[in-house]
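The values are calculated or read from the model by the stated rules, or taken from the named source; none is laboratory data. Since the structure is predicted, the reported quantities are computational estimates derived from the model, not experimental observations. The area values use the complete protein model at the heavy-atom level, side chains included, leaving out ligands, DNA and RNA. Shrake-Rupley method; radii C 1.70, N 1.55, O 1.52, S 1.80 Å.
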Amino acid sequence: QVQLVESGGGLVQAGGSLRLSCAASGSIFSIAVMGWYRQAPGKQRELVAGITGAGRTNYADSLKGRFTISRGNAKNTVYLEMNSLRPEDTAVYYCCANVKVVGTNSWEDYWGQGTQVTVSS
């Protein structure tokens, strides 16, 4: 019913930048929060950043100042600008959205397939 598709991952040298994009589509009535998580090999998935429809943001403390989350004008897209990348930022980055599907009264979380970000030293 709802699909999230990420793009923009890839290989970058330390100190470089990448911009991730995520677009939500399907039977969407409303999206409350969109965000990014990441999972490095052998580690648990962790929050990177989130943003509400009103534009309020929250970030993992360790990433403040380097990463910026934003939503597109259509509100069904979310971006993650990543600057001053470090090898420890290497992970699969997942987009997520808290969505109210058309015809339902409940909010559910949906996830994208993930996009690989690799930062070389």
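Worth pointing out:
- Overall form of segment 1-119 per C-alpha gyration tensor (a/c, 1.5; a/b vs b/c): prolate
- Computed with a 1.4 Å probe on the full set of protein chains, the accessible area for Ile28 sits at about 40 Å².
- Of all lysines in the structure, those lying under 23 Å Cα to Cα from Lys43, and not within fewer than 8 positions of it along the same chain, are Lys64.
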